[in-house]
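Worksheet for the structure shown next.
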Amino acid sequence: MEKRQELYAGKAKSVFATDDPDRLILHFRDDTSAFDGERMESLERKGKVNNRFNAFIMNKLEEVGIPTHFEGLLSDNECMVKNMDMLPVECVVRNIAAGGLVKRLGVEEGSELNPPTFELFLKNDALHDPMINESLAETFGWATPEQLAEMKALTFRVNEVLKQLFADGNLLLVDYKLEFGLFQGQIVLGDEFSPDGCRLWDAETREKLDKDRFRQGLGGVIEAYEEVGKRIGVDFG
Ligand code: CDP
(Lines give C-alpha, C1' and ligand atoms only; values in the text may rest on other atoms or scores of the structure.)
Protein backbone atom coordinates (compact mmCIF):
# COMPACT_ATOMS: atom_id res chain seq x y z
CA MET A 1 0.00 0.00 0.00
CA GLU A 2 1.46 3.31 -1.06
CA LYS A 3 0.87 6.49 0.97
CA ARG A 4 -0.09 9.42 -1.26
CA GLN A 5 -1.05 13.06 -0.77
CA GLU A 6 -2.51 14.55 2.38
CA LEU A 7 -6.23 15.06 1.84
CA TYR A 8 -7.23 16.77 5.04
CA ALA A 9 -5.73 17.92 8.34
CA GLY A 10 -8.12 17.82 11.29
CA LYS A 11 -7.43 19.15 14.78
CA ALA A 12 -5.56 16.03 15.94
CA LYS A 13 -5.32 13.75 12.90
CA SER A 14 -4.30 14.06 9.26
CA VAL A 15 -5.81 11.94 6.50
CA PHE A 16 -3.79 10.65 3.54
CA ALA A 17 -4.88 9.03 0.29
CA THR A 18 -3.39 5.69 -0.76
CA ASP A 19 -3.09 3.94 -4.12
CA ASP A 20 -6.33 2.11 -3.18
CA PRO A 21 -9.33 4.47 -3.49
CA ASP A 22 -11.13 2.46 -0.78
CA ARG A 23 -8.38 2.90 1.81
CA LEU A 24 -7.00 5.92 3.69
CA ILE A 25 -4.16 6.38 6.13
CA LEU A 26 -4.87 8.21 9.40
CA HIS A 27 -1.92 9.95 11.01
CA PHE A 28 -2.40 10.68 14.70
CA ARG A 29 -0.47 13.86 15.54
CA ASP A 30 0.62 15.03 18.98
CA ASP A 31 -1.74 18.02 18.72
CA THR A 32 -4.67 18.35 21.05
CA SER A 33 -7.47 20.89 20.99
CA ALA A 34 -10.39 21.95 23.11
CA PHE A 35 -13.32 24.35 22.89
CA ASP A 36 -13.84 23.88 19.14
CA GLY A 37 -10.16 24.42 18.39
CA GLU A 38 -9.81 27.61 20.44
CA ARG A 39 -7.12 26.01 22.59
CA MET A 40 -4.39 24.00 20.85
CA GLU A 41 -1.30 22.35 22.32
CA SER A 42 1.14 19.66 21.38
CA LEU A 43 1.54 16.87 23.94
CA GLU A 44 4.46 14.50 23.67
CA ARG A 45 3.51 10.86 22.83
CA LYS A 46 -0.15 11.76 22.29
CA GLY A 47 -0.29 10.61 18.65
CA LYS A 48 1.23 7.24 19.40
CA VAL A 49 -0.86 6.70 22.54
CA ASN A 50 -4.16 7.51 20.82
CA ASN A 51 -3.29 5.51 17.70
CA ARG A 52 -2.56 2.40 19.73
CA PHE A 53 -5.49 2.99 22.11
CA ASN A 54 -7.87 3.33 19.16
CA ALA A 55 -6.49 0.20 17.47
CA PHE A 56 -7.09 -1.81 20.64
CA ILE A 57 -10.69 -0.59 21.02
CA MET A 58 -11.55 -1.04 17.32
CA ASN A 59 -10.26 -4.63 17.46
CA LYS A 60 -12.42 -5.33 20.53
CA LEU A 61 -15.48 -3.93 18.75
CA GLU A 62 -14.77 -5.91 15.57
CA GLU A 63 -14.45 -9.08 17.69
CA VAL A 64 -18.08 -8.72 18.81
CA GLY A 65 -19.30 -7.96 15.27
CA ILE A 66 -19.50 -4.15 15.29
CA PRO A 67 -18.41 -2.92 11.84
CA THR A 68 -15.59 -0.39 12.06
CA HIS A 69 -13.40 1.46 9.57
CA PHE A 70 -10.24 0.07 11.17
CA GLU A 71 -8.03 -2.13 8.97
CA GLY A 72 -4.76 -2.28 10.88
CA LEU A 73 -1.87 -0.46 12.54
CA LEU A 74 0.84 0.73 10.16
CA SER A 75 3.25 2.45 12.53
CA ASP A 76 3.30 4.16 15.92
CA ASN A 77 1.33 7.10 14.54
CA GLU A 78 -0.53 5.64 11.58
CA CYS A 79 -3.31 3.21 10.84
CA MET A 80 -5.14 2.09 7.72
CA VAL A 81 -8.88 2.69 7.51
CA LYS A 82 -11.73 2.30 5.04
CA ASN A 83 -12.47 5.38 2.93
CA MET A 84 -16.01 6.22 3.98
CA ASP A 85 -18.56 8.93 3.35
CA MET A 86 -18.85 10.33 6.86
CA LEU A 87 -22.25 11.42 8.16
CA PRO A 88 -22.05 14.91 9.76
CA VAL A 89 -23.65 13.69 12.96
CA GLU A 90 -22.12 12.92 16.36
CA CYS A 91 -23.77 10.28 18.57
CA VAL A 92 -23.27 10.70 22.32
CA VAL A 93 -24.19 8.15 24.99
CA ARG A 94 -23.96 9.02 28.67
CA ASN A 95 -23.93 6.67 31.66
CA ILE A 96 -23.10 9.36 34.21
CA ALA A 97 -23.87 13.10 34.07
CA ALA A 98 -20.90 15.32 33.14
CA GLY A 99 -19.80 18.05 30.72
CA GLY A 100 -22.40 19.55 28.43
CA LEU A 101 -25.33 17.74 30.07
CA VAL A 102 -24.53 19.23 33.47
CA LYS A 103 -24.25 22.72 31.97
CA ARG A 104 -27.39 22.41 29.87
CA LEU A 105 -29.75 20.80 32.38
CA GLY A 106 -28.22 21.76 35.72
CA VAL A 107 -28.06 18.15 36.92
CA GLU A 108 -25.35 17.21 39.38
CA GLU A 109 -22.07 15.96 37.91
CA GLY A 110 -21.67 12.30 38.75
CA SER A 111 -25.37 11.37 38.88
CA GLU A 112 -26.06 7.97 37.40
CA LEU A 113 -28.16 8.05 34.24
CA ASN A 114 -30.56 5.13 34.07
CA PRO A 115 -31.26 4.29 31.33
CA PRO A 116 -28.21 5.78 29.60
CA THR A 117 -29.03 8.77 27.38
CA PHE A 118 -28.55 9.16 23.64
CA GLU A 119 -28.00 12.57 22.00
CA LEU A 120 -27.27 13.80 18.48
CA PHE A 121 -25.08 16.76 17.56
CA LEU A 122 -24.30 18.33 14.20
CA LYS A 123 -20.60 18.19 13.36
CA ASN A 124 -19.96 21.88 12.74
CA ASP A 125 -17.20 23.76 14.62
CA ALA A 126 -18.36 27.20 13.41
CA LEU A 127 -21.76 26.55 15.03
CA HIS A 128 -20.14 24.82 18.06
CA ASP A 129 -21.62 21.41 17.22
CA PRO A 130 -25.26 22.26 18.07
CA MET A 131 -27.56 19.62 19.49
CA ILE A 132 -29.99 18.28 16.89
CA ASN A 133 -32.62 15.53 16.75
CA GLU A 134 -33.87 12.86 14.35
CA SER A 135 -36.39 15.19 12.75
CA LEU A 136 -33.80 17.86 11.92
CA ALA A 137 -31.35 15.25 10.65
CA GLU A 138 -33.97 13.83 8.30
CA THR A 139 -35.25 17.19 7.04
CA PHE A 140 -31.78 18.57 6.31
CA GLY A 141 -30.52 15.29 4.86
CA TRP A 142 -27.75 14.68 7.42
CA ALA A 143 -28.94 11.07 7.92
CA THR A 144 -32.02 9.02 7.02
CA PRO A 145 -34.32 7.58 9.72
CA GLU A 146 -32.94 4.11 8.95
CA GLN A 147 -29.35 5.30 9.27
CA LEU A 148 -30.17 7.06 12.55
CA ALA A 149 -31.79 3.92 13.96
CA GLU A 150 -28.74 1.87 12.99
CA MET A 151 -26.30 4.40 14.48
CA LYS A 152 -28.29 4.50 17.71
CA ALA A 153 -28.39 0.70 18.00
CA LEU A 154 -24.64 0.43 17.30
CA THR A 155 -23.82 3.24 19.76
CA PHE A 156 -25.70 1.43 22.54
CA ARG A 157 -24.10 -1.89 21.59
CA VAL A 158 -20.68 -0.20 21.90
CA ASN A 159 -21.78 0.93 25.38
CA GLU A 160 -22.44 -2.63 26.53
CA VAL A 161 -19.05 -3.82 25.31
CA LEU A 162 -16.93 -0.89 26.47
CA LYS A 163 -18.65 -0.28 29.83
CA GLN A 164 -17.64 -3.83 30.77
CA LEU A 165 -14.15 -3.56 29.29
CA PHE A 166 -13.41 -0.41 31.29
CA ALA A 167 -15.13 -1.77 34.43
CA ASP A 168 -12.66 -4.67 34.32
CA GLY A 169 -9.92 -2.02 34.55
CA ASN A 170 -11.67 -0.39 37.52
CA LEU A 171 -12.83 2.51 35.34
CA LEU A 172 -16.21 4.16 34.77
CA LEU A 173 -17.16 4.94 31.17
CA VAL A 174 -18.98 8.22 31.86
CA ASP A 175 -19.84 9.23 28.27
CA TYR A 176 -18.46 9.11 24.74
CA LYS A 177 -18.99 10.38 21.22
CA LEU A 178 -19.09 8.22 18.08
CA GLU A 179 -19.15 9.13 14.41
CA PHE A 180 -20.30 6.90 11.57
CA GLY A 181 -19.90 6.76 7.84
CA LEU A 182 -21.11 4.78 4.86
CA PHE A 183 -18.88 2.16 3.25
CA GLN A 184 -20.39 0.26 0.33
CA GLY A 185 -23.83 1.28 1.57
CA GLN A 186 -23.30 -0.01 5.11
CA ILE A 187 -23.20 2.08 8.32
CA VAL A 188 -19.71 1.67 9.75
CA LEU A 189 -18.11 3.16 12.88
CA GLY A 190 -15.48 5.72 11.92
CA ASP A 191 -13.32 8.40 13.52
CA GLU A 192 -11.47 7.17 16.63
CA PHE A 193 -12.16 5.93 20.12
CA SER A 194 -9.67 7.33 22.62
CA PRO A 195 -9.71 9.33 25.89
CA ASP A 196 -10.01 12.42 23.64
CA GLY A 197 -13.61 11.54 22.82
CA CYS A 198 -14.89 9.95 25.99
CA ARG A 199 -14.87 10.48 29.73
CA LEU A 200 -13.28 7.88 31.97
CA TRP A 201 -13.11 8.08 35.75
CA ASP A 202 -11.35 5.89 38.27
CA ALA A 203 -14.17 3.75 39.70
CA GLU A 204 -13.17 4.34 43.33
CA THR A 205 -11.77 7.86 43.47
CA ARG A 206 -13.66 9.23 40.42
CA GLU A 207 -10.41 10.88 39.33
CA LYS A 208 -10.72 12.14 35.73
CA LEU A 209 -8.46 10.20 33.36
CA ASP A 210 -9.55 11.65 30.00
CA LYS A 211 -9.44 14.86 27.95
CA ASP A 212 -11.09 16.81 30.77
CA ARG A 213 -7.56 16.90 32.25
CA PHE A 214 -6.61 19.08 29.27
CA ARG A 215 -9.87 21.06 29.16
CA GLN A 216 -9.63 21.83 32.89
CA GLY A 217 -5.84 22.36 32.98
CA LEU A 218 -5.31 19.50 35.45
CA GLY A 219 -2.03 18.34 33.86
CA GLY A 220 -0.84 14.75 33.46
CA VAL A 221 -2.98 14.32 30.35
CA ILE A 222 -0.98 11.69 28.47
CA GLU A 223 0.06 9.95 31.70
CA ALA A 224 -3.67 9.48 32.42
CA TYR A 225 -4.32 8.08 28.92
CA GLU A 226 -1.43 5.65 29.42
CA GLU A 227 -2.77 4.62 32.83
CA VAL A 228 -6.18 3.85 31.33
CA GLY A 229 -4.55 1.90 28.49
CA LYS A 230 -2.42 -0.12 30.90
CA ARG A 231 -5.47 -1.06 32.97
CA ILE A 232 -7.39 -2.45 29.96
CA GLY A 233 -4.41 -4.11 28.27
CA VAL A 234 -3.41 -1.73 25.45
CA ASP A 235 0.04 -2.45 24.00
CA PHE A 236 1.81 0.90 23.71
CA GLY A 237 4.85 -0.70 22.05
O1 CDP B 1 -17.30 17.69 26.42
P2 CDP B 1 -18.29 18.75 26.12
O3 CDP B 1 -18.79 19.46 27.33
O4 CDP B 1 -17.88 19.64 25.00
O5 CDP B 1 -19.56 18.02 25.49
P6 CDP B 1 -20.39 16.80 25.98
O7 CDP B 1 -21.66 16.85 25.22
O8 CDP B 1 -20.48 16.73 27.46
O9 CDP B 1 -19.52 15.56 25.47
C10 CDP B 1 -19.93 14.22 25.66
C11 CDP B 1 -18.80 13.30 25.29
O12 CDP B 1 -18.54 13.39 23.88
C13 CDP B 1 -17.48 13.62 25.98
O14 CDP B 1 -16.82 12.42 26.29
C15 CDP B 1 -16.70 14.41 24.94
O16 CDP B 1 -15.31 14.21 25.09
C17 CDP B 1 -17.20 13.81 23.64
N18 CDP B 1 -17.22 14.80 22.54
C19 CDP B 1 -16.26 14.74 21.54
O20 CDP B 1 -15.40 13.84 21.57
N21 CDP B 1 -16.26 15.63 20.51
C22 CDP B 1 -17.19 16.59 20.44
N23 CDP B 1 -17.16 17.44 19.42
C24 CDP B 1 -18.18 16.67 21.44
C25 CDP B 1 -18.16 15.76 22.48
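Quick one: among Gly72, Gly106, Gly47, which has the greatest mean-square fluctuation in a GNM of the chain with alpha-carbon springs under 10 angstrom?
Residue with maximal mean-square fluctuation among Gly72, Gly106, Gly47: Gly106.
Could you pull out every residue, at least 5 positions away or on a different chain, whose amide H is within less than 5 Å of the one on Val89? Hs are placed 1.01 Å off N in the peptide plane, and Pro or chain starts have none.
So Val89 has HN proximity to Lys123, Phe180.
Describe numerically, in nm with one decimal, the distance between label points set 7 Å from Cα along Cα→Cβ at Leu7 and at Glu38.
For the pair Leu7/Glu38, the computed spacing is 3.2 nm.
In the chain, which whole DSSP H runs stretch at least 27 Å along their own axis (Cα) and average 0.0 or higher on the Kyte-Doolittle scale?
145-167
In whole Å and largest first, what semi-axes does the C-alpha gyration tensor of the range 164-237 yield when each eigenvalue is scaled by 5 and square-rooted?
25, 14, 12
In bins 10 Å wide, starting from 0, what share of all Cα pairs of the range 99-237 does each bin hold, as a percent?
10, 37, 36, 16, 2
Run the accessible area of the chain with a 1.4 Å probe and give the carbon-and-sulfur part as a rounded percent.
Roughly 48 percent, rounded to a whole number.
So which residue, out of Ala34, Ala153, Ala126, gets the largest mean-square fluctuation from a GNM of the chain using Cα contacts under 10 Å as springs?
Highest fluctuation of the listed residues: Ala126.
Compute for the range 1-90: radius of gyration divided by Kirkwood radius, i.e. Rg/Rh, restricted to C-alpha atoms, rounded to two decimals.
Rounded to two decimals, Rg/Rh equals 0.97.
Gaussian network model of the chain, Cα springs within a sub-10 Å range: biggest mean-square fluctuation belongs to which of Phe121, Phe180, Phe53?
Maximum fluctuation in the GNM of the chain, among the listed residues, is at Phe121.
Looking at the range 103-205, which GluC sites (Glu not before Pro) are DSSP coil and have at most 16 other C-beta atoms within 10 Å of their C-beta?
Glu108, Glu109, Glu204
Through the Karplus equation 6.51 cos²θ - 1.76 cosθ + 1.60, θ set to phi - 60°, convert the phi angles of the range 24-40 into ³J(HN,Hα) values in whole Hz; use x for Gly and Pro.
Along the range 24-40, the couplings run 10, 10, 9, 10, 7, 8, 7, 5, 9, 9, 8, 6, 6, x, 5, 10, 10 Hz.
Using a 1.4 angstrom probe with every protein chain in place, what is the largest-first accessible-area order of Tyr225, Tyr8?
Descending order: Tyr8, Tyr225.
Heavy atoms only, 1.4 Å probe, whole protein assembly: order Leu105, Leu61 by accessible area, highest first.
Descending accessible area places them as Leu105, Leu61.
Based on DSSP H runs of at least 4 residues, each adding -39500 (n - 2.57), what is the mean residue ellipticity at 222 nm of the chain after dividing by all its residues, to the nearest 500 deg cm²/dmol?
Using -39500 (n - 2.57) per qualifying helix, the result is -9000 deg cm²/dmol.
Name the lysines eligible as straight-distance cross-link partners of Lys152: C-alpha to C-alpha under 28 Å, and not fewer than 8 places from it in the same chain.
Lys11, Lys13, Lys60, Lys82, Lys103, Lys123, Lys163, Lys177, Lys208, Lys211
The values are calculated or read from the model by the stated rules, or taken from the named source; none is laboratory data. Only a predicted model underlies this, so the values are computations on that prediction, with no experimental measurement involved. Every residue, glycine among them, receives a Cβ derived from its backbone with ideal geometry; neighbour counts consider all protein chains shown. When the accessible area is computed, the model is the full protein with side chains, heavy atoms only, and any ligands, DNA or RNA have been set aside. Shrake-Rupley method; radii C 1.70, N 1.55, O 1.52, S 1.80 Å.
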